[in-house]
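Before any comments, here is the structure.
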Amino acid sequence: MTYESAKAVFADWGVDTEAALDRLATITISMHCWQGDDVVGFETRSGTSGGGIQATGNYPGRARTPDELRADLEFAYGQIPCKHRLNLHAIYLDTDESPDRDEIEYHHFASWVDWAKDQGIGLDFNPTFFAHEKADDNLTLSHPNKGIRDFWIEHGRRTREIASKMGEELGSSAVNNIWVPDGYKDIPVDRMAARTRLETSLDAMCESEQDPAHMVDAVESKLFGIGVEACTVGSHEFYMGYAIRKGTLLCLDMGHFHPTENIADKLSAVALSLDEILLHVSRPMRWDSDHVILLNDDIQAMANELVFADLLGRTRIGLDFFDATISRTAAWVVGTRNMQKALLRSLLKPQKELKEAEATLDFTRRLIFTEELKDLPFGAVWKEFCERHKVPYGLALSRSLETYQSSVSERG
């Protein structure tokens, strides 16, 4: 079906495809750097990931240097419609120096800012509280040892300063997202002490004011991970309360909840108490296994909520998955495009009619509409979007991804 034919079909349902395409073009997605190298980073030290973080597989082509990672990112961005962002972790510094985490400075990341300027994209940032000898106990900001807490507090302070400088240089506010792996493998007897230490450490870390035009803080919860099965100090309830009290963004990571929880349902609930939300879009299986996102019911429900609750202007959308069993660049491209597809499907729904049916308790009409809409020619509208933004589609995309993967496979 041609785009013009599809446009007419949607018009019969009262949907303006041009308005949907225009809106989608304004939505930026923060693509995560760590998919490109299996969460290894570019520090000289080595450590265990901790907190349940584990990239499985050994597919050839892993980026081994900042230049290789940037080349992979440039290719991936070239396959995705519109301009987006990059989410950078603190272990991805680009320097010949060997600073410890509490010694990092902006100049260790300046090459990323120069590259982002060339690409015309924004950057987001994250302190890295894992893969370090001072995180081997899966305790950082809540550690009983004050010296260890102070080390991580200083690391967090520096990441906030670096993120703020990034945002200032790029003219686009950077999210500095705080996630810690803190927790216990077996049942603790004093959760309150650990959570009090975590709150005090976060307060100390964030005590210096930063211009929100340059940087905003986010806090991210988790249900559990390997080594912290019995108790995660930074639970959803802990961080939801903290974000509301302190005015930070709350990060909802789709992989950090029980698999039966509907994360989309949480958006409107927390939006009543928060100015902004950060999303980490992922696809869990059994637990926080961070698979590449599919265009499935969970992703579509998230997109529907963002559109129908009018939350797009208050939500920063980021991705968080890492699969080393497949081409890493293909994972970026397919995952990001699937997020865009879900948003487009939501934008192509007759929102007024559906809300009206629900408000008048006409649930039969709501059911009929939601099911019949699944048969509308979405694919033709998505193809038009790709063509307008000069990126490949269908078999052409497959060939492009395969050709690039062949060119990097010798990396081992």
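Quick one: what pairs do we get from the stretch 383-394, first residue buried (at least 16 other Cβ atoms within 10 Å of the Cβ), second at pLDDT 95 or above and among the hydroxyl-bearing types (Ser, Thr, Tyr), C-beta under 6 Å, 6+ apart or different chains?
Listed by first residue and then by second, the contacts come to LYS383/TYR393; GLU384/TYR3; CYS386/TYR393; PRO392/SER400.
Which count do you get for residues in the stretch 66-98 that are crowded, with 20+ Cβ neighbours inside 10 Å and of a type in the set (S, T, N, Q)?
Number of matching residues: 2.
When the stretch 264-291 is examined, which residues are found to be hydrophobic (A, V, I, L, M, F, W, C) and modelled with pLDDT of 95 or more?
ALA264, LEU267, ALA269, VAL270, ALA271, LEU272, LEU274, ILE277, LEU278, LEU279, VAL281
Of all residues in the stretch 341-376, how many are buried (at least 16 other Cβ atoms within 10 Å of the Cβ), more than 17 Å from LEU24 (Cα to Cα) and either touching a residue at least 60 places away in the same chain (Cβ under 8 Å) or out of contact with any Phe, Trp or Tyr (no Cβ under 8 Å at 6 or more places or on another chain) (or both)?
So the count comes out to 4.
So for the stretch 65-83 (the condition being part of a loop (DSSP other than H, G, I, E, B) and either within 25 Å of SER221 (Cα to Cα) or of a type in the set (Phe, Trp, Tyr) (or both)), does at least one residue qualify? Walk me through how you get there before you give the answer.
Pass one, the stretch 65-83, residues part of a loop (DSSP other than H, G, I, E, B): 65, 78-83.
Of the ones still in play, those that are also either within 25 Å of SER221 (Cα to Cα) or of a type in the set (Phe, Trp, Tyr) (or both) are none.
Within the stretch 65-83, none of the residues are part of a loop (DSSP other than H, G, I, E, B) and either within 25 Å of SER221 (Cα to Cα) or of a type in the set (Phe, Trp, Tyr) (or both).
Does the stretch 325-337 contain at least one residue that is free of Cβ contacts under 8 Å to residues at least 60 places away in the same chain, of a type outside the set (A, V, I, L, M, F, W, C) and in contact with a Gly (Cβ under 7 Å, 6 or more places away or on another chain)?
No: zero hits.
When you check SER201 against the structure, is it of a type in the set (Ser, Thr, Tyr), surrounded by 17 or more Cβ atoms within 10 Å (Cβ to Cβ) and in contact (Cβ under 8 Å) with a residue 60 or more places away in the chain, yes or no?
yes
May I ask you to list the residues in the stretch 168-192 that are touching a residue at least 40 places away in the same chain (Cβ under 8 Å) and among the small types (Gly, Ala, Ser)?
Hits for the stretch 168-192 are SER172, SER173, ALA174, GLY183.
Just name the residue that is farthest from ILE317 (Cα to Cα) out of those in the stretch 160-185 that are within 17 Å of the chain's Cα centre (by Cα) and in a strand (DSSP E or B).
Step by step, filter the stretch 160-185, then rank; the result is ILE178.
Looking at (1) at pLDDT 95 or above; (2) surrounded by 22 or more Cβ atoms within 10 Å (Cβ to Cβ), which one does GLU103 not meet, given that it meets all the others?
Here GLU103 clears every test but (2).
ILE263 versus (1) under 26 Å from TYR404 (Cβ atoms); (2) within 15 Å of the chain's Cα centre (by Cα); (3) among the β-branched types (Val, Ile, Thr): which is the lone unmet condition?
Result: ILE263 fails condition (1) only.
Checking GLN35 against (1) of a type in the set (S, T, N, Q); (2) modelled with pLDDT of 95 or more; (3) assigned to a loop (DSSP other than H, G, I, E, B): exactly one of these is not met. Which one?
Of the numbered conditions (1) of a type in the set (S, T, N, Q); (2) modelled with pLDDT of 95 or more; (3) assigned to a loop (DSSP other than H, G, I, E, B), the odd one out for GLN35 is (3).
Answer yes if at least one residue in the stretch 39-61 is among the polar types (S, T, N, Q), within 18 Å of the chain's Cα centre (by Cα) and at pLDDT 95 or above, and no otherwise.
no
Please state which of the following conditions PHE378 fails to meet, knowing it meets all the rest: (1) under 15 Å from ASP16 (Cβ atoms); (2) of a type in the set (Phe, Trp, Tyr); (3) over 26 Å from the mean Cα position of the chain (by Cα).
(3)
Does any residue of the stretch 248-266 turn out to be buried (at least 19 other Cβ atoms within 10 Å of the Cβ) and touching a Cys at 6+ places or on another chain (Cβ under 8 Å)?
Yes, the stretch 248-266 has at least one match.
Looking only at the stretch 204-231, filter to residues that are within 13 Å of THR159 (Cβ to Cβ) and polar (S, T, N, Q); which one of those is surrounded by the fewest Cβ atoms within 10 Å (Cβ to Cβ)?
Among residues in the stretch 204-231 that are within 13 Å of THR159 (Cβ to Cβ) and polar (S, T, N, Q), the one surrounded by the fewest Cβ atoms within 10 Å (Cβ to Cβ) is SER208.
Confirm whether GLU402 is part of a helix (DSSP H, G or I) and at pLDDT below 95.
So GLU402 fails the test.
Restricted to the stretch 294-328, and to residues that are in contact with a Leu (Cβ under 7 Å, 6 or more places away or on another chain) and among the β-branched types (Val, Ile, Thr), which residue is nearest to LEU397 (Cα to Cα)?
Within the stretch 294-328, the match that is nearest to LEU397 (Cα to Cα) is ILE317.
Any residue at all in the stretch 311-320 that's buried (at least 17 other Cβ atoms within 10 Å of the Cβ), modelled with pLDDT of 95 or more and over 23 Å from ARG23 (Cβ atoms)?
Yes.
The values are calculated or read from the model by the stated rules, or taken from the named source; none is laboratory data. If you're wondering where the values come from, they're calculated on a predicted model, not measured in any experiment. Here Cβ is always computed from backbone atoms with ideal geometry, including for glycine, and neighbour counts include all displayed protein chains.
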